[in-house]
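What follows draws every value from the coordinates through simple rules; no lab data is involved. Just so it is clear, the structure is predicted and the values come from calculations on it, not from any experiment.
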Amino acid sequence: YPFTEPAKHLPKKIYISRNDAKRRKVLNEEEVVAMLFDEGFKRLEMKHFNFTKQVELFNNAEEVVIPHGAVSANLFATNACARVIEIMPSFGWSRSTVRICKARGIDYNVVEARTRWGDMRVNVNELYRQQFQNNSKPCND
């Protein structure tokens, strides 16, 4: 899992998996990942990367889809030109990710997921719509 190649070879579109989490797992993650894979996303589990590599991954990303959780704190390192879609549980929203993205000038959107016992089920059609709602890049290359 560790990336040793230059940043230009790091994935530009990343989905952060909570597959190993105790709470707020994405119950239909395989369906979510299949849709995102078709759009060029790579699934990543942060447990495989040290802090420095996590910062490098987020800084290099142009698009991030991330279920709400502690790893959202890594968005502090995200390039200000990136787009972020956070999968948020329906039982209550945290403003922490919004604050990070607003402070960094990151294009931030939310897809609210149905919850069951703390885990989330994503409406894949809504996620797809959010991804293409604003398909223009906020910054020039």
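Taking a ≥ b ≥ c as the square roots of the Cα gyration tensor eigenvalues, with a/c under 1.5 meaning rounded and otherwise prolate when a/b beats b/c, else oblate, which class fits segment 14-58?
oblate
The value of relative contact order for segment 45-116, using C-alpha pairs under 8 Å at least six residues apart, is 29 percent. Considering only alpha-carbon pairs that sit under 8 angstrom and 6 or more positions apart, the relative contact order computed for the chain is 24 percent.
Shape call for the chain from the C-alpha gyration tensor, a ≥ b ≥ c root eigenvalues: rounded (a/c under 1.5), prolate (a/b greater than b/c) or oblate? Walk me through the numbers before you get to the answer.
On the way: a/c = 1.41, a/b = 1.25, b/c = 1.13.
Taking the square roots of the gyration eigenvalues as a ≥ b ≥ c, the chain is rounded.
Within the chain, antiparallel bridges make up roughly 15 percent of the DSSP beta bridges whose residues both belong there.
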